[in-house]
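Report on the structure given below.
Read-outs: derived from the displayed coordinates by stated rules, not from any lab. All of these numbers come straight from a predicted model, not from anything done at the bench. Virtual Cβ from ideal backbone geometry, glycine too; neighbours counted across all protein chains shown.
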Amino acid sequence: MKKRRLGTSAIVVSEIGLGTMTFGSSCDEATALRIMDTAFDAGIDFFDTAEIYPVPPEAKWVHRTEEIVGKWLKGKPRDSVLIATKVCGPGHGWFVPPVRSGKTALDRKNIQIAIEGSLRRLGTDYVDLYQTHWPDHDMEYEETLETLTELEADGIIRAAGCSNETAWGLMKALQVSEKHGLIKYQTIQNNFSMLNRRFEDALAQVCRKEQVSLLPYSPLAGGVVSGKYNTGVPANARFTKYLESGERQKKQAHRFVNEKTLESTREFMELAKEAGLPVVALALAWSKQHDFVASTLIGANTPEQLQESLKAADLVLSDDLIKKIDEISKRIMYPMG
């Protein structure tokens, strides 16, 4: 599998990475271990997790994903696997995480507690990429970056990144890093797919000019691009469950599954059929062909799902096919709002 560098760091990863956010909830431990073995055997060396996983975040199973990844990691040479994890963002905003009594923050104390817990669960003395899971724009970036700089100096993390960040937030963090000689965010992990191209509006330019790599999550738009929602309401699917949950989950479900996303998906499926490709492979190949993308993060609840995604590993879309995808996106603009 081809490799790409994370920003300007020394870390080079497989251009497809494995996201683990369902390991321990909708995906049990035994299945998760098989999925990671399958991914590793296929050439994937980059595995992404978080202290708050699995999803949906709940106290009854929080931390289980890191524990499962740690159990799997014991059977591999540590330097053969590149591990990314995350510290929770602030708990006083849009979401209260089920860790540290919901009093999470991006200050020195919280980051120190979070990384100690992650290292213990992962069974390692360092992580390759440590990311802030979501930002706190009302807090000074200096304390967050100073703490991450100390962790890098102590050999606990090799590189730092952010997630769910805005163009302003990323540029602010980079400015603080440059001004004070602190660690730089080498990556940004945001939602990016054929159904959600907002990253291209501003953040793509920041990544290109500042040499920051995108790690796209949800490249299949939560599975919507696969077409499974175009034939009805699939049982046990993520957004089917969200529609039966609280208001925040319902809003998220409607963002991903609506008239415009389903129509876009229908056209992408037709385009893939004309090209003789599975639509999943089309979507993943499209993601990894962007110059600002380092590793496209795929998820799977079964080894069979993973095998479908792996069909994109060596796939390169023609310029004509890329143009046709762009035409659909221009005709049905911002399907996820």
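Structure notes:
- Ellipticity estimate at 222 nm from DSSP helix runs (n ≥ 4, -39,500 (n - 2.57)) divided over the chain, nearest 500: -12500 deg cm²/dmol
- Averaging the Cα positions of each part gives two centres, and for region 300-318 and region 214-281 these lie 17 Å apart.
- Here r is the Cβ-Cβ distance between GLN112 and LYS172 and R0 is 22 Å; the resulting FRET efficiency, rounded to 0.05, is 0.45.
- Over region 265-315, the reciprocal of the mean inverse Cα-Cα separation, the Kirkwood hydrodynamic radius, stands at 11.5 Å.
- Residues VAL316 and LYS103, FRET efficiency given R0 of 45 Å [Cβ-Cβ distance, rounded to 0.05]: 0.45
- Whole-number percent relative contact order across region 234-299, with pairs defined as alpha carbons under 8 Å at least 6 apart: 14 percent
- Residue order, fewest to most beta carbons within 10 Å, for TYR141, TYR185: TYR141, TYR185
- Angstrom value of the Kirkwood radius, inverse mean 1/r, which spans all Cα pairs in region 53-198: 15.9 Å
- Think of the chain as having a plus end and a minus end, set by charges on the Cβ of Lys, Arg, Asp and Glu; of CYS162, THR265, LEU145, THR265 sits farthest toward the positive end of this dipole.
- Under 5 Å from the amide H of ILE188 lie the amide H atoms of CYS162, SER213, LEU214, LEU215, each residue being 5 or more positions distant or on a separate chain, with H modelled from the backbone and absent for Pro and chain starts.
- Acute angle (nearest 10 degrees) that the helix 141-153 long axis makes with the longest principal axis of the chain, alpha-carbon atoms: 80 degrees
- Lys, Arg +1 and Asp, Glu -1 on Cβ, resulting dipole of region 204-255 about Cα centre, debye, nearest 20: 60 debye
- Remark: the chain carries a charge dipole of roughly 500 debye about the Cα centre, counting +1 on each Lys and Arg Cβ and -1 on each Asp and Glu Cβ.
- Evaluating 6.51 cos²θ - 1.76 cosθ + 1.60 at θ = phi - 60° for every residue in region 293-298, the Karplus couplings come out as 9, 9, 9, 7, 8, 9 Hz, glycine and proline recorded as x.
- C-alpha long axis of helix 247-256 to longest principal axis of the chain, angle in °: 50 degrees
- Dipole axis of the chain (+1 Lys, Arg; -1 Asp, Glu on Cβ), positive-most option in VAL293, PHE40, SER318: SER318
- Which listed pairs, of LYS86/LYS179; LYS273/LYS311; LYS60/LYS86; LYS209/LYS288; LYS250/LYS273, have C-alpha distances above 21 Å, in listed order: LYS86/LYS179; LYS250/LYS273
- The Kirkwood radius of the chain, taken over pairs of alpha-carbon atoms, gives through the Stokes-Einstein law at 37 °C and 0.692 mPa s a diffusion coefficient of 162 µm² s⁻¹.
- Per residue, the average separation of C-alpha pairs within less than 8 Å and at least 6 apart gives region 3-189 a relative contact order of 18 percent.
- Once the Kirkwood radius over Cα pairs is known for region 3-54, the Stokes-Einstein relation at 4 °C and 1.567 mPa s delivers a diffusion coefficient of 108 µm²/s.
- Three-way shape label, region 208-337, alpha-carbon gyration tensor, a/c 1.5: rounded
- Only Cα pairs under 8 Å and 6+ residues apart enter the sum, and on that basis the relative contact order of the chain stands at 18 percent.
- Burial ordering of ASP128, ASP291, ASP28, fewest other beta-carbon atoms within 10 Å first: ASP291, ASP28, ASP128
- Dipole moment magnitude, nearest 20 debye, region 80-174 about Cα centre, only Lys, Arg, Asp, Glu C-beta charged: 440 debye
- Shown for CYS27, CYS88: other C-beta atoms within 10 Å of each C-beta, ranked fewest to most, produce the order CYS27, CYS88.
- For GluC sites (Glu not before Pro), the sites in region 7-111 that DSSP calls loop and that have at most 15 other Cβ atoms within 10 Å are GLU58.
- Loop-located trypsin sites (Lys or Arg not before Pro) in region 19-83 whose Cβ has at most 13 other Cβ within 10 Å (DSSP): LYS60, LYS74
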